[in-house]
Each structure stands twice: as structure tokens, then as C-alpha cells.
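A short worksheet on the structure shown next.
The values are calculated or read from the model by the stated rules, or taken from the named source; none is laboratory data. Everything numeric in this text was worked out from a predicted model, so none of it was measured. All Cβ positions, even for glycine, are placed from backbone atoms using ideal geometry, and neighbour counts span all protein chains on display.
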Amino acid sequence: MNKLAKELLKKNNTREKVISDDNQEIYTNMIVYLRGSDLTEYNQEVVREDMIELILDGQQRGDNIQKVMGGRYKEICDEIIEAIPKKTNKDKVMEYLGTSLNSIWILGVIALVKNLVMNFISDDAAFQFVLTVGDVLTILAIIFMANFIVWHITKTAFQSENNKKVGSFLKEWIVISVAFAIILLGNIYLKTIIVSIPLWVAAIIVMFIFVISKVINDKV
């Protein structure tokens with residue numbers, strides 16, 4: 001997230017605290033839906049700022065969010081999203097790259113700790129960072145599962161509670177089950193080593209990925 005988007009995010013986070021409890025649920029659904037759009041993070045915050053302004057103006061008049069927006073929450077969001085410039089292909093690539101690198105360095109830290117512990121309890125402590133085929137599949141499964149859950153939440157923000165309960169549970173159960181099956185089977189059967197390097201080298205690589213992810217995310 002770039003500097004302008006961060007500043008506007010901070011401002012919006014402060015202002016939304018004044019939104020009443022009666023308006024909070026619908027406002028939250030609108031923002032969740034907005035997060036799944038093709039708008040840049042800065043434009044999302046611009047839209048969010050306008051929504052907060054509308055809601056707070058309505059509260060001052062004694063009107064709730066339903067009266068202010070006429071109950072057409074999804075339609076209003078779609079109209080706003082349609083009227084604002086979307087992410088360019090470059091924006092999408094940079095955002096995807098930044099998100100992927102974030103996931104990789106976080107999982108890399110976990111893998112470093114795991115390898116360090118295994119080296120300490122091993123009789124032959126060579127302090128090597130070992131990456132197997134199963135580890136790679138585990139990383140990919142976790143990234144896919146996280147992205148699917150976020151995508152699913154944003155796309156079902158305006159569904160009725162009954163539809164959410166049935167549809168969401170079924171889809172999430174299938175995806176999580178498949179992901180866990182891949183993780184479990186990969187760690188049990190796919191033990192072919194594809195990387196074996198000193199732990200300190202792995203730590204430097206993870207640090208490098210972290211720095212690159214910060215640079216990319218600050219430009220998105």
C-alpha cells in the first residue's frame with residue numbers, strides 16, 4: 001500500500017468509529033464487497049471515505065443507512081466501482097507479486113524455525129535448511145486456501161444469512177479439505193529434497209524476500 005493510501009486508510013479508520021452500531025453491519029458488508037473489487041487500494045479508500053461521509057451526514061439528520069442508500073447496497077457499490085478507473089494490468093501483477101512474496105517470507109520464517117528445531121533435536125545437527133517437494137506443495141496449498149477464503153468472503157458479503165450458511169460452509173469445507181489433504185499427503189509421501197542449503201543462507205534469502213515485498217507493496 002502506497003503512502004497516500006496509508007494516510008487515507010488511517011483517516012478512514014478514525015472516522016468510521018463514529019458510525020453507529022445500527023449502521024455498522026451494512027457498512028462493513030459494503031467495505032468487504034469493495035475490497036474484492038478491481039479498484040486500487042487508494043481508490044478503495046476514496047470510495048470508503050465517501051461512504052463514511054454519506055453515513056455520518058445521515059446520522060446527523062437522524063437517518064439510518066437504509067434510508068440514506070435506499071436499501072440498494074450492492075447496486076450502489078457496483079455503480080461506484082463501475083464509475084472509477086480500475087487497476088491496470090501492471091497494478092494487478094504488482095499486487096499479486098506483493099501478496100505472494102508476503103506469503104512466501106512468512107512461510108519462510110516458519111520453515112526456518114521448523115528446520116532450526118529439527119536440527120537441534122537431531123543427532124547429526126548440520127544446521128541445514130531442507131525443502132522437499134511436500135513442503136512446496138504445502139506452501140502452494142496454504143496460499144491458495146488463504147486467497148480463496150478472502151475471495152469467497154468478499155463475493156458473498158451481501159448474501160442472506162441462510163444462503164451464506166449453506167453455500168459458504170460447503171465451499172469452504174471442500175477447499176479446506178482438499179488443501180489439508182495435499183498438505184498431509186505431501187508431508188508424508190513427497191519427501192524428495194529439492195533444496196538443501198545452510199540455515200544462515202536461507203535466513204538471508206527470506207530477509208531478501210521480505211525487503212522486496214515491502215518495496216513492491218509500498219508502490220501498489
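Annotations for the structure displayed:
- Yes/no for GLN44 being farther than 24 Å from ASN147 by Cα and polar (S, T, N, Q): no
- The residues of region 118-136 that are assigned to a helix (DSSP H, G or I) and surrounded by fewer than 17 Cβ atoms within 10 Å (Cβ to Cβ), listed by number, are MET118, ASN119, PHE120, ILE121, VAL133, VAL136.
- Annotation: TRP105 fulfils all but one of (1) out of contact with any Ser or Thr (no Cβ under 9 Å at 6 or more places or on another chain); (2) aromatic (Phe, Trp, Tyr); (3) closer than 30 Å to ALA202 by Cβ; the unmet one is (1).
- Flag for VAL150 being more than 20 Å from LYS191 (Cα to Cα), among the β-branched types (Val, Ile, Thr) and within 15 Å of the chain's Cα centre (by Cα): yes
- Within region 49-63, tally of residues that are of a type in the set (Gly, Ala, Ser), at negative phi and not in a helix (DSSP H, G or I): 0
- Within region 165-218, being at pLDDT 80 or above, of a type in the set (Lys, Arg) and part of a helix (DSSP H, G or I) holds for one residue alone: LYS214.
- The residues of region 15-48 that are touching a helix residue (DSSP H, G or I) at 6+ places or on another chain (Cβ under 7 Å), assigned to a loop (DSSP other than H, G, I, E, B) and surrounded by fewer than 20 Cβ atoms within 10 Å (Cβ to Cβ), listed by number, are ILE19, SER20, GLY36, SER37.
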